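First the structure, in the form of structure tokens, and then the observations on it.
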Amino acid sequence: MPPITIDLYSDNAAPAAPEIMAALARVNVGPAQPYGQDPESKALKTTFSDLFGTEVWVMPVSTGTAANSIALSALTPPYGTILCSDTAHIETSECGATELFSGGAKLTHVAAKSGRMSADALDEVIRRAGKGLQHRSQPAAVSLTIGTERGTVYPVSEIARIGEVARKHGLHFHMDGARVANALVALGTSPRSVTSDLGLDVLSFGSTKNGTLNAEAIVVFRKDIAEQLRYRLRRAGQVWSKMRYGAAQLNAYIEGGLWLRLAAQANCAAKRLSEGLRQVPGVRLIETVEINQLFAEMPEKVIAGLEADGIGLGRRDEGVRMVTAWCTTTEEVAHVVGRARLHGGVGLGPFS
Ligand SMILES: Cc1ncc(COP(=O)(O)O)c(C=O)c1O
């Protein structure tokens, strides 16, 4: 295989944005109080409380898995179960981290279509879960991924309904926001409209995929949950001594809407890519492209051709996954589409 020149394997392959590197350089001067006592770390509370229109508690962590699993550990007893879609990252890709940090809670799946569970299906699964039965893990929380693992988003109305179902059954409500900026751009709505306004308890706020450098955050909407998370995070080794660096990134990420600008670029690139690729014979989009991920059936000769060109993509049983990032350019998209057309036997053709 040649070296990869355009990487659509994952948005984690993208570099950090220049504004983020500038923020790091800005705080990399002289001493600063450790463990969150520096000015940047203290400013996080105001930055995020303003963003969500309510008082929140913000805890930087280094990975999305840490955010999800440690947040969820505060929302369930060890004998609890967390309801999530069967495609949820916490189920498929975190190696049992939630089960570990919760001290043994389990995950219960709700069948998803295009990455989304419905409020009705969730309600039905909770009703059959055996609440109060000593033999069964007790429903404790619902976890929803707003920008789903299948490149779709939940409509605001469905998030609201899911929140209502959680509340009706007395369960906590958690959101995996690994691609929350991409989802908000796609929905064209405000951060509070899908979180604080809907009674969300905790958000795993992702930013690494969208231009920061290993700076995720747990955003907590309830003081009592924030209180216990302080200790859970320390135990899990996620209280950073040099927190100024993570905090400076997160403040800069939000400042002036950088996070939404970066996400808009990634979403736009994915949309253009999907429009170009769908014209290649044998290529069929499996999911509607709503954020920055594309799932498609693709003839083997096209997949292999793109790989031989040094274009990184993710092979899947059903075809490929391609993920754009904040830095994917119009030229790169045009190049990938052009090469796919060539490998698909239709010549370069016009694509603008
Ligand atoms: C939906 C979702 N949640 C969480 C994560 C966080 O994963 P990581 O622990 O690799 O940062 C990812 C990363 O791929 C993701 O796609």
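The values are calculated or read from the model by the stated rules, or taken from the named source; none is laboratory data. Remember, predicted model here, so these are calculated numbers, not experimental data. We place every Cβ from the backbone using ideal geometry, glycine too, and count neighbours over all the protein chains shown.
A few comments on the model shown:
Residue by residue, here is whether (1) farther than 26 Å from Arg179 by Cα; (2) touching a residue at least 60 places away in the same chain (Cβ under 8 Å) holds:
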{"residue": "Ala252", "(1), (2)": "no, yes"}
{"residue": "Asn267", "(1), (2)": "no, yes"}
{"residue": "Ser274", "(1), (2)": "no, no"}
{"residue": "Leu277", "(1), (2)": "no, yes"}
{"residue": "Val302", "(1), (2)": "yes, no"}
{"residue": "Ala325", "(1), (2)": "no, yes"}
{"residue": "Thr329", "(1), (2)": "no, yes"}
{"residue": "His335", "(1), (2)": "no, yes"}
{"residue": "Gly345", "(1), (2)": "yes, yes"}
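- Tally of residues being over 26 Å from Leu187 (Cβ atoms) and of a type outside the set (Val, Ile, Thr) across segment 280-295: 2
- Residue match in segment 73-88 (condition: of a type in the set (A, V, I, L, M, F, W, C), over 22 Å from Pro139 (Cβ atoms) and within 14 Å of the ligand (Cβ to nearest atom)): no
- Remark: Thr324 matches the filter, which requires a residue to be buried (at least 18 other Cβ atoms within 10 Å of the Cβ) and at pLDDT 95 or above.
- Selected residue [farther than 30 Å from Ala119 by Cα and either within 16 Å of the ligand (Cβ to nearest atom) or buried (at least 18 other Cβ atoms within 10 Å of the Cβ) (or both)] from Ala97, Ala105, Ala23: Ala23
- Here Thr195, Thr288 are screened, and the one residue that is crowded, with 18+ Cβ neighbours inside 10 Å, within 25 Å of Ile90 (Cα to Cα) and among the β-branched types (Val, Ile, Thr) is Thr195.
- Number of positions in segment 202-222 that are within 8 Å of the ligand (Cβ to nearest atom) and either surrounded by fewer than 24 Cβ atoms within 10 Å (Cβ to Cβ) or part of a strand (DSSP E or B) (or both): 3
- Set Thr47, Thr76, Thr65: member being surrounded by 13 or more Cβ atoms within 10 Å (Cβ to Cβ) and part of a loop (DSSP other than H, G, I, E, B): Thr76
- Residues in segment 145-174 that are in a loop (DSSP other than H, G, I, E, B), more than 15 Å from the ligand (Cβ to nearest atom) and of a type in the set (Gly, Ala, Ser): Gly170 only.
For every residue, the table says whether it meets (1) over 26 Å from Thr208 (Cβ atoms); (2) in a loop (DSSP other than H, G, I, E, B); (3) within 19 Å of the chain's Cα centre (by Cα).
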{"position": "Glu290", "(1), (2), (3)": "no, yes, yes"}
{"position": "Ala296", "(1), (2), (3)": "no, no, no"}
{"position": "Arg321", "(1), (2), (3)": "no, no, yes"}
{"position": "Val336", "(1), (2), (3)": "no, no, no"}
{"position": "Leu342", "(1), (2), (3)": "yes, no, no"}
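- Residue in segment 269-281 that is under 30 Å from Asp38 (Cα atoms) and crowded, with 16+ Cβ neighbours inside 10 Å present: no
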